[in-house]
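Worksheet for the structure shown next.
The values are calculated or read from the model by the stated rules, or taken from the named source; none is laboratory data. Keep in mind it's a predicted model, so treat the numbers as computed, not measured. Cβ placement follows ideal geometry from the backbone for every residue including glycine, while neighbour counts extend to all protein chains displayed. For accessibility, only protein heavy atoms count, side chains too; no ligands or nucleic acids. Shrake-Rupley method; radii C 1.70, N 1.55, O 1.52, S 1.80 Å.
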Protein chains: 2
Amino acid sequence: MDVENIKEIRKFNRSYTRILKLTDKYHLNTHFALLESRLFLEIDRGVNTANQLMELLQIDKGYLSRVLKRLKNDGLIDDIRGDGDRRVKTLQLTVKGEAALEEDNRRADQQIENLFARIPETELKKVIDDMKEIKDIVKKYSKE
Amino acid sequence: MDVENIKEIRKFNRSYTRILKLTDKYHLNTHFALLESRLFLEIDRGVNTANQLMELLQIDKGYLSRVLKRLKNDGLIDDIRGDGDRRVKTLQLTVKGEAALEEDNRRADQQIENLFARIPETELKKVIDDMKEIKDIVKKYSKE
DNA sequence: TAAAAAAAGTTGCTAAAGTCAACTATTATT
DNA sequence: AATAATAGTTGACTTTAGCAACTTTTTTTA
């Protein structure tokens with residue numbers, strides 16, 4: 001690939017991550033740490049066993065076990081052993097956990113709102129169309 | 001702002017960060033942790049006192065002091081007290097540090113190469129033009 | 001201009017985050 | 001039936017990070 005293209009892509013990555021504060025330690029919320037937020041999201045989506053989460057997020061299972069225990073103690077998730085394989089615990093958000101996830105989402109929306117609100121409609125449309133195009137093309141050619 | 005726009009932007013953020021592994025713990029290299037990589041980059045760019053780094057990266061100065069000490073012990077950076085304010089130490093990369101930064105950059109380039117290489121030229125051009133447009137518009141309307 | 005306040009960086013102490021290996025219980029393999 | 005593998009837990013440990021007290025030098029102020 002052309003060196004100029006690589007440079008341009010990296011430039012975009014830097015500016016975009018900086019503006020969005022994607023690498024920000026404190027993420028977008030005050031409630032939860034990055035990992036917790038991610039766990040809520042994934043459990044809600046149906047990635048709901050420790051083992052699946054471990055593989056998806058590439059984290060140590062010992063550590064994950066403790067984090068999940070803490071979330072359970074805080075009443076944010078439940079773990080139930082079903083009728084099937086009695087080694088696995090199926091995780092699910094409690095009502096409190098659902099509420100927390102929604103609050104998280106509201107904050108994330110708010111953050112986007114703050115960052116993009118100043119952009120006039122015509123230009124915002126361009127940005128969004130560009131995003132769709134990038135997303136589609138990149139996805140189309142990405143592995144598996 | 002329109003709810004649909006927010007959704008679309010967040011969708012892009014998720015897919016883009018996932019594909020690029022921007023939030024990946026191990027970043028793009030094996031040599032250094034995220035913070036170290038960032039420090040090299042910034043020192044090289046001229047953000048070369050602990051105090052400046054602390055403000056830019058929003059990290060604790062005690063912790064930073066130790067990290068810098070370690071980098072110095074590893075022969076990657078030097079700190080020199082100049083003729084001016086004798087409280088400040090000016091940081092600079094050693095030859096070894098420069099080499100490490102370059103290696104880091106090569107790896108980052110390689111990663112981009114891997115991720116985008118499958119995209120045919122015509123579509124890659126679209127992606128890059130879109131990136132430029134997004135970058136320019138977002139920058140134009142971002143605070144300060 | 002001497003005393004007080006502030007700034008740059010270091011160090012001790014602590015907590016949180018993360019890793020690794022050994023362990024229990026259950027299920028799958030031979 | 002015995003052995004190996006899998007899901008999750010626990011103990012011991014390292015790394016990462018944060019806070020406050022401290023030293024040295026510079027700036028402010030009375």
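Tabulated results
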item	result
A versus B: buried accessible surface, summed, Å² (probe 1.4 Å, to nearest 100)	5300
Average other protein chain Cβ within 10 Å of Cβ, residues A:107-119	4
A:Arg106 paired with A:Lys7, simple spin-label distance in nm, labels 7 Å along Cα-to-beta-carbon	4.7
Accessible surface, 1.4 Å probe, highest first, among residues A:Arg14, B:Arg87, A:Arg107	B:Arg87, A:Arg14, A:Arg107
Theoretical FRET efficiency, 1/(1+(r/R0)^6), r = Cβ-Cβ of A:Leu41 and B:Leu34, R0 25 Å, to 0.05	0.70
Residues of the protein assembly as shown: accessible area per residue with a 1.4 Å probe, Å²	61
Span-rule helices in chain B, defined as complete DSSP H runs reaching 15 Å or more along the axis (Cα) with Kyte mean at least -1.0	B:3-20, B:34-45, B:61-73, B:121-141
11 Å beta-carbon shell around B:Ile77, net charge (K/R +1, D/E -1)	-1
When chain B is reduced to its Cα atoms, the Kirkwood hydrodynamic radius in Å	18.0
Pairwise FRET efficiency - B:Asp129 versus A:Lys140, Cβ, R0 = 22 Å, nearest 0.05	0.85
28 Å Cα cut-off, lysine pairs counted over region B:31-144 (separation 8 or more, or different chains)	19
Long-range HN-HN contacts of A:Ile77 with modeled amide H, under 5 Å	A:Lys72, A:Thr94
Long-range amide H partners of A:Thr49 with built H, under 5 Å	A:Leu91
Radius 10 Å from Cβ of A:Ile6, net charge of other residues (Lys, Arg +1; Asp, Glu -1)	-2
Contact order normalised by residue count of chain A, Cα under 8 Å, 6+ apart, percent	19
Global geometry of the protein assembly as shown, whether rounded, prolate or oblate, following the gyration tensor of its Cα atoms and the 1.5 cut on a/c	oblate
